[in-house]
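Notes for the one structure printed next.
The values are calculated or read from the model by the stated rules, or taken from the named source; none is laboratory data. A quick note: this is a predicted structure, and the numbers were derived from the prediction, not measured. No Cβ is skipped: glycine too gets one built from the backbone with ideal geometry, and neighbour counts run over all protein chains shown. These accessible areas exclude ligands, DNA and RNA; they are computed on the full protein's heavy atoms, side chains included. Shrake-Rupley method; radii C 1.70, N 1.55, O 1.52, S 1.80 Å.
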Amino acid sequence: MKKYIILLLLGVFTVGCTDLEEKPVGLIDPATYYNNTSELQAAVNGSYGLMSAEKYWGRALTLTVMLRSDMCDIGNTATNVERREVNNFSVNDNNALITPLWQQSYSIIGAANQAIDGSKKIVGDQAKINAIVAEAYFYRAFAYYNLVRLFGAIPYIDFAVKDISSVSTISKTAEADVYKKIIADLEFAKLWLPNKPAIKAKPSKGTAAAYLSSLYLTLGNYQKAYDESKYVITNEALFGLGLETDFQDLFNSAKALSLKEPLFTIDYTNIELGDQGRDFQGFLTGIDLDKTYAWGGGFSVAVPSLKVYNSWDQRDYRRAVSFDTVMRITATSAPIPYTAFTSAIAPKRPHIAKYQRFAGPAGLNGRTSSNNYATMRYAEVLLTAAEALNEITPGTTEANGYLNRILARARNKAGKIVSFPPNVTLGLSQSDFRKAVLEQRRLELAFEFVRWFDIKRLKIGIEVFGATGYEPQPKFDPAKHYYFPFPGIEITRNPNLAPNNPF
């Protein structure tokens, strides 16, 4: 799929909300470009290509939601101030992570809008056209779903911008209305996307339904969350989905193309095209000065607190997969335990292993990698179904079964079946089952950019950031910090976006 990034250069015009000016990426005029489905596919691929950029999945989005959660703290205390601000809830309206994230989000959306608009100019098999443009609807929904959860009411643009005046005074769209529009996009995608695309870097009907289930869970519409997740589960074979046998395989780039668990992936191939293709996860989470891996050590930025590590039962295989607990001065030297780390910037704590251990061909201390990132895994669909069903009808065998599938996979310790973690037993109260599901979401999806959104949707910030939490954050204020502020430059240029979110 990454080869399609090159096709972005052919001529997709994108619009960032920041300066509200058309930014040509190539030389082809969109007004004359869309002549056939091949050109439409190239334009749609352009929207996907923008996701791998450092300003989006490569760093800005992923690092923001990782640091905002209670699972990661700042390790290198001298790291850039914008990262520390995100972590300790002191973000202002010119934060250097948030501003590029905002801009890139609207570039992704702008490219999708151009493709959707261009599809209307093509004459031919409408079903084939719809199947291609459904990808653009999904990409637009994906970008807006992240934006609305981060910022709430936002400018919503669902057309190709040809005249600056059409958006220069745009106002915010209410949060509830943004969700309705995302639902409409995902419904279109669910109708027209294929059951099983050739690669996971392309969405399927199951992908669209899985995101609908996540969205409805976010909104507290448990019946629809269950309905959509149940649809995916019922059709898991049709959609080519399932749980991997070995949890470690999910984070091994050499096995990425054969995995059935991802719903949708953002892929890297150790190649940079300008801002595209830069994957900072391994670098930002890896151990400073560590030479265990051929591409060198990391920068110890996002590092779990000791409480996250120590509270995780050591019998759980997922713990071993998730953490690096030793480093090496040379590739062949004796391992040094985290309690004896001597780097000036690497804290004496285990680091995240998911993005460094098996990054494949990589360079620049892991800032280019061969990782394929699952933006959502089938395990999350099972957990969503279990949580939603428990809210509708507590105490069902069905809900227990979904959760126990996750636990059963965790008991496969690299091919050896062990006894931990045990299944949940039937008969838990609704409250206890709810806690069990949330805890499994925290562990199963640890460091996979999900935890902050769970904290936000459940409004448990006071609990998790309090003195007894995994990462106490005394500055957390529920009246302000469930949303990020817009970049201040947006409101300067367009006062109709005022007032900003509090910060």
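Descriptive notes on the structure:
- Pairing residues of the stretch 470-489 that are farther than 21 Å from I74 by Cβ with residues that are assigned to a loop (DSSP other than H, G, I, E, B) and open to solvent by less than 50 Å² (accessible area, probe 1.4 Å), at Cβ distances under 6 Å and at least 6 apart in sequence or on separate chains, gives Y483/G152; Y483/N501; F486/N500.
- Test: residue in the stretch 104-115 that is under 30 Å from F465 (Cα atoms) and at pLDDT 95 or above: yes
- Counting the residues of the stretch 70-129 that are part of a loop (DSSP other than H, G, I, E, B) and in contact with a Gly (Cβ under 7 Å, 6 or more places away or on another chain) gives 3.
- Lone qualifier among T468, T425, T384 - being assigned to a helix (DSSP H, G or I) and of a type in the set (S, T, N, Q): T384
- Tallying residues that are in a helix (DSSP H, G or I), small (G, A, S) and closer than 26 Å to F138 by Cβ within the stretch 360-381 yields 1.
- Residue count, the stretch 471-503 (criterion: assigned to a helix (DSSP H, G or I) and either open to solvent by less than 60 Å² (accessible area, probe 1.4 Å) or of a type in the set (F, W, Y) (or both)): 4
- Qualifying positions in the stretch 325-354 - under 25 Å from G469 (Cα atoms) and touching a helix residue (DSSP H, G or I) at 6+ places or on another chain (Cβ under 8 Å): T325, K348, R349, P350, H351, I352, A353, K354
- Out of S300, S311, sole residue that is open to solvent by 40 Å² or more (accessible area, probe 1.4 Å), more than 30 Å from I233 (Cα to Cα) and either of a type in the set (F, W, Y) or in contact (Cβ under 8 Å) with a residue 40 or more places away in the chain (or both): S311
- In the set (1) more than 21 Å from the chain's Cα centre (by Cα); (2) buried (at least 24 other Cβ atoms within 10 Å of the Cβ); (3) β-branched (V, I, T), the condition left unmet by T292 is number (2).
- Scanning the stretch 198-224 for residues that are open to solvent by less than 40 Å² (accessible area, probe 1.4 Å) and among the hydroxyl-bearing types (S, T, Y) gives S204, T207, Y211, S213, S214, Y216, T218.
- Residue tally, condition in a loop (DSSP other than H, G, I, E, B), among the β-branched types (V, I, T) and open to solvent by less than 20 Å² (accessible area, probe 1.4 Å), over the stretch 268-289: 1
- Qualifying residue in the stretch 409-418 (condition: surrounded by 17 or more Cβ atoms within 10 Å (Cβ to Cβ) and in a loop (DSSP other than H, G, I, E, B)): yes
- Taking each residue of the stretch 235-254 that is part of a helix (DSSP H, G or I) and looking for partners that are among the acidic types (D, E) with beta-carbon atoms closer than 6 Å, six or more apart or interchain, yields L250/E244.
- Verdict on F341 being under 26 Å from N252 (Cβ atoms) and either in contact (Cβ under 8 Å) with a residue 12 or more places away in the chain or not basic (K, R) (or both): yes
- Residue match in the stretch 339-357 (condition: open to solvent by 20 Å² or more (accessible area, probe 1.4 Å) and of a type in the set (F, W, Y)): no
- Residue within the stretch 422-439 that is within 24 Å of I352 (Cβ to Cβ), surrounded by 17 or more Cβ atoms within 10 Å (Cβ to Cβ) and of a type in the set (D, E, K, R) present: no
- Within the stretch 454-465, the set of residues being open to solvent by less than 20 Å² (accessible area, probe 1.4 Å) and either within 26 Å of S105 (Cα to Cα) or assigned to a helix (DSSP H, G or I) (or both) comprises D454, I455, K456, G461, V464.
- Taking the numbered list (1) more than 21 Å from the chain's Cα centre (by Cα); (2) in a strand (DSSP E or B); (3) of a type in the set (S, T, N, Q) in turn, T265 passes all entries but (1).
- Against the list (1) open to solvent by 10 Å² or more (accessible area, probe 1.4 Å); (2) at pLDDT 95 or above; (3) farther than 21 Å from S52 by Cβ, the condition G152 fails is (1).
- Residue among I74, I109 that alone is more than 20 Å from R349 (Cβ to Cβ) and either open to solvent by less than 10 Å² (accessible area, probe 1.4 Å) or in contact (Cβ under 8 Å) with a residue 40 or more places away in the chain (or both): I109
- Restricting K200, K128, K172, K205 to those that are of a type in the set (D, E, K, R), over 22 Å from the mean Cα position of the chain (by Cα) and more than 19 Å from W102 (Cβ to Cβ) reduces the list to K128.
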